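Below: one structure, written as structure tokens.
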Amino acid sequence: MDGWKWRTSQHYFHFVSSSLSIILNLLLICLVKSRSPRTMGTYKYLLIGVSVFEIFYSSIEIIVSPIVHSFHTVVVVMTIVKDTWIPKSVMLILTATYCGSFGCFLAFFGILFIYRYYVISGLVIRITLVSHLLSNSFRNPNIKYFDSWNMIFWIIITLLCGSIWGAIGFFTFSQNSEIDEFIRQDLYTELNLFPEDITYLAPHFYLKDKNGEKMLNWKSIAGMNGVSLIVGVTCFFIIRYGLKTYKCIKHFSTIQKFSDRSKMIQKQLFYALVIQSSIPFLFLQLPLTILFICGVLDIHLGQLGGIDTFSISLFPVFDPLPTIFVIRAYRVAVLGKIHWLLYSM
């Protein structure tokens, strides 16, 4: 495809998908505030927090309109600056903020799994381990870390993950003259751009020595290790607490003293979270991992690598949907409104 048409199509796709993301997340916030079952407790504020952050992410995406591209051993997340009034230095910071958002998302989902485990394990303990002398409101003592001002701790953890990710990108993957020359010809051939027209973050896995031989770029590798550490730690908590929650859910469903409604709500919240957390893996981590592997193997994907631009842009569009349609109270409200609109037309 012609380079200008290819990048223009990505630009418009960003605008449409980001606009849809903002609309859907605003809808979810309204549903959480007005239709949440009482048993959701603090979890509804966590859901609102995720949606607010996704609105922020989508707003940044509209401004940055990033293009993901693969040039042999270089994977580039670029922003076109030649047609914008925003200074190149500011756009680089916004691009780093956009990339850092991925770290925030992973941290958010890890926190959501931890909270769900504390809630459901507290319910099970109340019935199976607590004597009749204790209050029926017994809960997992660790749930106190999600009460009131303690939420600030989790917000700091989330922002810290994103800040570290963004700082790694800014200081280890920033634009430089060596990468400019490496990608110059392919950049013009495939996207009709010059390095001077863009700003970017790009891990460059290999450098050339005096003899023109390849050698590992340890600066980029160190940056990738830092990013991988954040991914690994957050995935560890997601898997660990996801499995623990699943075991509690199975035990919870066998306890007769809980109503069917209470069991249903807890299952809905868990399954919605599982589906929701799988979306960043499918739309963010998997496509980017494939790109990075191709970069390490010196496989030039060219415009084919731009498919990642579309998948990453779709992530915040799909992310609120599991919560909206898996949780019955939200699903009924949305379908009821759609039904009313169709019959009133």
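Among the residues of the range 116-139, none qualifies, meaning not one is of a type in the set (V, I, T), at pLDDT 80 or above and part of a helix (DSSP H, G or I).
Quick check on M78: is it over 30 Å from K214 (Cβ atoms) and in contact with a strand residue (DSSP E or B) (Cβ under 8 Å, 6 or more places away or on another chain)? Criteria not met by M78.
Filtered by the rule that a residue be of a type in the set (S, T, Y) and open to solvent by 40 Å² or more (accessible area, probe 1.4 Å), the range 184-222 gives Y188, T189, Y206.
Cβ-Cβ contacts under 6 Å between residues 6 or more apart (or on different chains), taken from a first residue in the range 282-293 that is aliphatic (A, V, I, L, M) to a second residue that is not in a helix (DSSP H, G or I), are listed as L291/S70; L291/V75.
Among the residues of the range 296-345, those that are β-branched (V, I, T) and closer than 29 Å to S65 by Cα comprise V296, I299, I307, T309, I312, V317, T323, I324. Just wondering, is there one or more residues in the range 332-345 that are open to solvent by 40 Å² or more (accessible area, probe 1.4 Å) and polar (S, T, N, Q)? Checked against the condition, which is being open to solvent by 40 Å² or more (accessible area, probe 1.4 Å) and polar (S, T, N, Q), the range 332-345 yields at least one hit. Listed here are the helices (runs of 4 or more DSSP H) enclosed by the range 292-345 that have at least 3 residues being under 22 Å from E61 (Cα atoms) and hydrophobic (A, V, I, L, M, F, W, C): 307-318. On the stretch given as the range 317-329, residues that are in contact with a Lys or Arg (Cβ under 6 Å, 6 or more places away or on another chain) and open to solvent by less than 40 Å² (accessible area, probe 1.4 Å) total 1. When the range 223-244 is filtered for residues that are small (G, A, S) and either open to solvent by less than 60 Å² (accessible area, probe 1.4 Å) or not in a helix (DSSP H, G or I) (or both), the ones remaining, listed by number, are G223, G226, G232, G242. For the range 245-264, what are the residues that are surrounded by 19 or more Cβ atoms within 10 Å (Cβ to Cβ) and either modelled with pLDDT of 75 or more or β-branched (V, I, T) (or both)? Result: T245, C248, I249.
For the range 85-101, the set of residues classified as open to solvent by 20 Å² or more (accessible area, probe 1.4 Å) and either polar (S, T, N, Q) or under 24 Å from F283 (Cα atoms) (or both) consists of S89, L92, I93, L94, T97, listed by residue number.
Return yes when T289 is more than 13 Å from the chain's Cα centre (by Cα), among the hydroxyl-bearing types (S, T, Y), open to solvent by 40 Å² or more (accessible area, probe 1.4 Å) and at pLDDT below 80 and no when it is not. Spelling it out, it is not the case that T289 is more than 13 Å from the chain's Cα centre (by Cα), among the hydroxyl-bearing types (S, T, Y), open to solvent by 40 Å² or more (accessible area, probe 1.4 Å) and at pLDDT below 80. Exactly one residue out of S70, S21 is among the hydroxyl-bearing types (S, T, Y) and not in a helix (DSSP H, G or I): that is S70. The set of residues in the range 8-42 being open to solvent by 20 Å² or more (accessible area, probe 1.4 Å) and within 27 Å of F194 (Cα to Cα) consists of T8, S9, H11, Y12, F13, F15, V16. Applying the condition of being touching a Phe, Trp or Tyr at 6+ places or on another chain (Cβ under 7 Å) and of a type outside the set (A, V, I, L, M) to the range 60-70 and asking which residue is surrounded by the fewest Cβ atoms within 10 Å (Cβ to Cβ) yields E61.
In the set (1) open to solvent by 40 Å² or more (accessible area, probe 1.4 Å); (2) over 24 Å from N192 (Cα atoms); (3) not charged (D, E, K, R), Y57 fails one condition alone, (1).
The values are calculated or read from the model by the stated rules, or taken from the named source; none is laboratory data. On a predicted model such as this, the values are computed, not experimentally measured, just so you know. Don't worry about glycine lacking a Cβ; one is built from the backbone with ideal geometry, like all the others, and counts go over all protein chains shown. Accessible surface is based on the protein model in full, side chains and every heavy atom, while ligands, DNA and RNA are left aside. Shrake-Rupley method; radii C 1.70, N 1.55, O 1.52, S 1.80 Å.
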